[in-house]
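Engineer: Please read through the structure below; I'll follow up with questions.
Taken together, the values in this text are just the output of simple stated rules run on the coordinates, not laboratory data. Given the structure is predicted, the values throughout are model-derived calculations rather than measurements. All Cβ positions, even for glycine, are placed from backbone atoms using ideal geometry, and neighbour counts span all protein chains on display.
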Amino acid sequence: MFYSDASAYFIILACAVTLNVAGVTDIETAAQAASALRPLAGDFAFALFALGILVVGLIGVPVLAGSAAYALSEAMDWKWGLERTASDARGFYGVIAVSVLAGLVIQYSPINPMKALFWSAVINGVVAVPLMVVIIMLVSKKSVMGAYTASRTIIVLGWIATAVMGAAAVRMVIPG
């Protein structure tokens, strides 16, 4: 995940430094996003952007599909794990297959991928706040975590991060 997150960070940074400075804030296509690299990469901008998207996809898709499969399999008490055969862990591998197929269907649907990325990030930011509250409350309880209870410093930092996320979510919906 580090490499896909680092790639995403540098894509956002390149767009901010080049496109946002030029007043381009409504990016509708991957070609527009790729044009952010033109001042840095010249004629290779589109090839570089395509390579970056491909690499991020190859890194991110297995992690996301796998983590969804692990989470759902554990919640449903299915057999799980990549060390098991597909016939031994049907539900686990089924979730991976459905996740990849869902991504493929979305790719060929009329959904604008740039808008989908934007709105998924917005939803993630809003949903993260109550999840962070629950997580911090759980990791603070010795009765739940035992020897792995979070330290006071971690709890304070967690509440600060939650407050910042909450403020950003509230600010997003308040005009002006």
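Engineer: Alpha carbon centre of segment 26-46 versus segment 104-118: separation in Å?
Structural biologist: 19
Engineer: Convex hull over the alpha-carbon atoms of segment 15-58: what's its volume per residue in Å³? Show your work: numbers first, answer last.
Structural biologist: Numbers: hull volume 2.9 nm³, N = 44.
About 66 Å³ per residue, rounded to a whole number.
Engineer: Please provide three numbers in whole Å: the alpha-carbon extents of segment 1-109 along the principal axes, with the largest listed first.
Structural biologist: Result for segment 1-109: principal-axis Cα extents of 54, 29, 22 Å.
Engineer: Across every pair of different alpha-carbon atoms, what Kirkwood hydrodynamic radius in Å does segment 56-176 reach?
Structural biologist: On the way: mean 1/r = 0.0573 Å⁻¹.
Evaluated over segment 56-176, this radius sits at 17.5 Å.
Engineer: Against the empirical 2.2 N^0.38 Å scaling, what ratio does the C-alpha Rg of segment 112-176 come to?
Structural biologist: Working: Rg = 15.1 Å, N = 65, 2.2 N^0.38 = 10.7 Å.
Against the compact-globule rule of thumb, the ratio is 1.40.
Engineer: Further question: About the Cα centre of the chain, what is the dipole size in debye to 20, counting +1 per Lys and Arg Cβ and -1 per Asp and Glu Cβ, all else neutral?
Structural biologist: Values: 9 positive and 8 negative charges, 99 e Å.
Dipole size: approximately 480 debye.
Engineer: A further question follows. Expected output is a single nm value to one decimal: the length gained when fully extending between Leu40 and Leu58, i.e. 0.36 nm times separation in residues minus the C-alpha distance. What is it? Provide the component values of the computation, followed by the final result.
Structural biologist: On the way: separation 18, 0.36 × 18 = 6.48 nm, distance 2.43 nm.
Full-extension gain reported as 4.1 nm.
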